[in-house]
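The values are calculated or read from the model by the stated rules, or taken from the named source; none is laboratory data. Being a predicted model, the structure only gives us computed values, none of them experimental. Cβ coordinates were reconstructed from backbone atoms using ideal geometry, including for glycine residues, and neighbour counts include every protein chain displayed.
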Amino acid sequence: MAKGDVRRDATCIETELTLHDELPVTQVTVDGNLNFCQYFTHTSWNSDTCELIFTSDRSGSHEFYAFNPKTKDTTQLTEGANAVPFAWAIALDGSKLVYFGGNIPGKQEELHQLWLDSLKDEIMLERPEKYHGWSRSIISLAPDNDTFYVDGVADHSTLLPSNLFTGSLDQGIFTPVFSGKESKQNFFCHNMISPAEPALVQVNKSAEKYIGRDAPQRMWLLDTRTGALNPLYKHEKNFWGKHERVGHECWHPSGDFMVFVVRRDKVKACVVADGYSNDRAWTCGQGENFWHVSASPLGNMLCADTMWCDTGIWLIEFKKQEEGRLFNLCLSKSGWQTSIAKEMDNGTGALVQAHPHPGWSPDGKHVQFTSFRPAQRAVHLYLVEVPIDPFS
């Protein structure tokens, strides 16, 4: 395939992952070794065309593709992008996609914008030389389609120094949010702009001694107007230690709540307007070894995957201040902890997106996830329909 080419892949029903005959799991990708949707809980869908956007190494370098669930057609969007698989974002209006890439392998310092109607690809800026070699992780693009946030680290072995960066596509600005001292002492990750107030950005911040460990505080809310960084939820005592293991969060589409996983068995939510007040936090769902969570476009359901050993992809009824019912939608069976996966990864972290990371289509009718299949030695994308009322 080349840029602009369309083909109809022989998508198949994955019976091994299907739990309900009326809700078959469709395998979206059939070739390539690394097929990835957007990392974490950021959207992977074009809201305008309702197409699933993903990266694939099927042509050598990582390029962008769009899958249409109705026609089963896959369109190649870029050629020579050499994209960083998880460092990209789609504009809320579906007009464009921004991503880190570059035509020099191993030097993907350019921030591009790709117009999704014309497929015109523009280089908007290059990171300052002092940040060359830093990782490029999740990008959040504000509703103005210009302001962006992206987190990164200099050394993957220590996750330090680390920072959250912001900038302007139109003005070619790229600058750190936090001071050099904070950058050397804290690990920043998982930035997400509030759907209700673009000036508020959720970011995870872990002090050096808590990196990779349970922490008293991990989720924070940054007010970009004032620079104030306030705690979102103060971790309670866990049954195995001093603090709950909190992470893998998402915004409720109303912007009123932050939803997050408390490993290993709870999905919780807190009232954002009330800061970290624990008396306003509650358990949304409980009991299934939860790992990552995302919220449906209407906000009436959550979707969570599960850790090793995984029990599948679960829907959770979202009810304010109440625990919701659960529905086991399908299995993921991602073999990300197998010896084959570790051999292929070889310490690069490339297979982190083999974690399922379920996400929703704009109409709420589908959930997509990724799964590493050891027999195929590949990460593939899967799509499953969501029943209208799964809890009845």
Next item on the list: Within the stretch 116-142, track down each residue that is surrounded by 19 or more Cβ atoms within 10 Å (Cβ to Cβ), among the charged types (D, E, K, R) and under 15 Å from A87 (Cβ atoms).
Entry: R127, R136
Next item on the list: Could you list all residues from the stretch 256-280 that are surrounded by 22 or more Cβ atoms within 10 Å (Cβ to Cβ) and of a type in the set (A, V, I, L, M, F, W, C)?
Entry: F257, M258, V259, F260, V261, V267, A269, C270, V272
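I'd like to check something: does the stretch 212-234 contain any residue that is assigned to a loop (DSSP other than H, G, I, E, B), among the polar types (S, T, N, Q) and either modelled with pLDDT of 95 or more or surrounded by 15 or more Cβ atoms within 10 Å (Cβ to Cβ) (or both)?
First, pick out the residues of the stretch 212-234 that are assigned to a loop (DSSP other than H, G, I, E, B): 212-218, 224-227, 232-234.
Remaining after also requiring among the polar types (S, T, N, Q): 217, 224, 226.
Cutting the leftovers down to either modelled with pLDDT of 95 or more or surrounded by 15 or more Cβ atoms within 10 Å (Cβ to Cβ) (or both) gives us 217, 224.
Yes, the conditions are met somewhere in the stretch 212-234.
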Next item on the list: Note down all Cβ pairs under 8 Å where the first residue falls in the stretch 359-375 and is within 16 Å of A91 (Cα to Cα) and in contact (Cβ under 8 Å) with a residue 24 or more places away in the chain, the second is surrounded by fewer than 18 Cβ atoms within 10 Å (Cβ to Cβ) and of a type in the set (S, T, N, Q), and they're at least six residues apart or on different chains.
Entry: P362/S47
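Determine which member of the set K181, K205 is surrounded by 20 or more Cβ atoms within 10 Å (Cβ to Cβ) and not polar (S, T, N, Q). Give the derivation first.
Details: K181 fails: surrounded by 20 or more Cβ atoms within 10 Å (Cβ to Cβ).
Result of the check over K181, K205: K205.
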Next item on the list: Keeping to the stretch 236-265, report how many residues are in contact (Cβ under 8 Å) with a residue 40 or more places away in the chain and part of a loop (DSSP other than H, G, I, E, B).
Entry: 7
Notebook entry, point to check: Do you know which residues across the stretch 227-276 are touching a helix residue (DSSP H, G or I) at 6+ places or on another chain (Cβ under 8 Å) and of a type in the set (K, R)?
Noted result: K234
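One line per residue, one yes/no per condition, for (1) under 19 Å from the mean Cα position of the chain (by Cα); (2) surrounded by fewer than 21 Cβ atoms within 10 Å (Cβ to Cβ); (3) modelled with pLDDT of 95 or more:
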| residue | (1), (2), (3) |
| --- | --- |
| T283 | no, yes, yes |
| N300 | no, yes, yes |
| C303 | yes, no, yes |
| F318 | no, no, yes |
| T370 | yes, no, no |
| F391 | no, yes, yes |
Next item on the list: Would you mind listing the strands (runs of 3 or more DSSP E) fully within the stretch 51-128 where at least 2 residues are polar (S, T, N, Q)?
Entry: 51-59, 73-76
Next item on the list: Mind listing whichever residues of the stretch 25-48 are crowded, with 16+ Cβ neighbours inside 10 Å, in a loop (DSSP other than H, G, I, E, B) and in contact with a Leu (Cβ under 9 Å, 6 or more places away or on another chain)?
Entry: V28, T29, C37, T43, S44, S47
